[in-house]
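Engineer: I have a structure I would like to understand better, so I am pasting it below and will then ask my questions one at a time.
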Amino acid sequence: MAETITVLPEPLAAALQKEAFALLSTVDFESGSPSMNAVSWIYAKDSGTIRFAVDRRSRIVSNINNHALVNVTYIGEGSVHAIYGKARLVAETLADVPLKLACFDVDITAVRDAMFYGSRISVVPEYEKTYDKRAAEKLDAQVFDAMQKA
């Protein structure tokens, strides 16, 4: 992906249809400096929109309320993908989820290949939940279901 595009290419959109590890960058509302957080409650709503959920008390919410431009970095599909856009609140609280989560959409303005020249990602980063596996699976299912309904 040499040029800047404004929608997710099909392989990237497909990869973001299931739980994924991504980095969400915002502008810190106090310092004005970049702020980065790992997120997993994220998916491609369509080729032009990424949806994610975070704890309502998260600094991410305050950052977006003060500066809506964000970057989502996804490592996979052979590269590092920098996805830029403007975040907007979809739901202050997701229904039927035991945690108080805010839900945001990112309207994509640019997708860029951020991998250094002459290389490719050969293994997608993996993570594991460190708390009760059944509880994690149940919560994830509740969150993704609520995000799709928001």
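The values are calculated or read from the model by the stated rules, or taken from the named source; none is laboratory data. The model shown is predicted, which means the values in this text are computed figures rather than measured ones. Cβ: placed from backbone, ideal geometry, glycine included. Neighbour counts: every protein chain shown.
Engineer: Within region 35-58, take every residue that is among the aliphatic types (A, V, I, L, M) and over 15 Å from residue 149 (Cα atoms) and give me the one that is surrounded by the most Cβ atoms within 10 Å (Cβ to Cβ).
Structural biologist: 54
Engineer: Go through (1) modelled with pLDDT of 95 or more; (2) closer than 21 Å to residue 127 by Cα; (3) outside any helix (DSSP H, G or I) and name the single condition residue 12 misses.
Structural biologist: With respect to (1) modelled with pLDDT of 95 or more; (2) closer than 21 Å to residue 127 by Cα; (3) outside any helix (DSSP H, G or I), residue 12 is out only on (3).
Engineer: Looking only at region 59-78, filter to residues that are buried (at least 18 other Cβ atoms within 10 Å of the Cβ) and touching a helix residue (DSSP H, G or I) at 6+ places or on another chain (Cβ under 9 Å); which one of those is farthest from residue 31 (Cα to Cα)?
Structural biologist: Result: 77.
Engineer: Can you pull out every residue in region 8-34 that is in contact with a helix residue (DSSP H, G or I) (Cβ under 8 Å, 6 or more places away or on another chain) and within 20 Å of residue 112 (Cβ to Cβ)?
Structural biologist: 24, 26, 27 - these are the residues of region 8-34 that are in contact with a helix residue (DSSP H, G or I) (Cβ under 8 Å, 6 or more places away or on another chain) and within 20 Å of residue 112 (Cβ to Cβ).
Engineer: May I ask you to list the residues in region 52-103 that are among the hydrophobic types (A, V, I, L, M, F, W, C) and under 15 Å from residue 22 (Cα atoms)? First the steps, then the outcome.
Structural biologist: Looking only at region 52-103, we keep the residues that are among the hydrophobic types (A, V, I, L, M, F, W, C), and these are 52-54, 60-61, 64, 68-70, 72, 75, 80, 82-83, 87, 89-91, 94-95, 97, 99, 101-103.
If the condition is that a residue be among the hydrophobic types (A, V, I, L, M, F, W, C) and under 15 Å from residue 22 (Cα atoms), then 52, 53, 54, 60, 70, 72, 75, 80, 82, 83 are the ones that fit.
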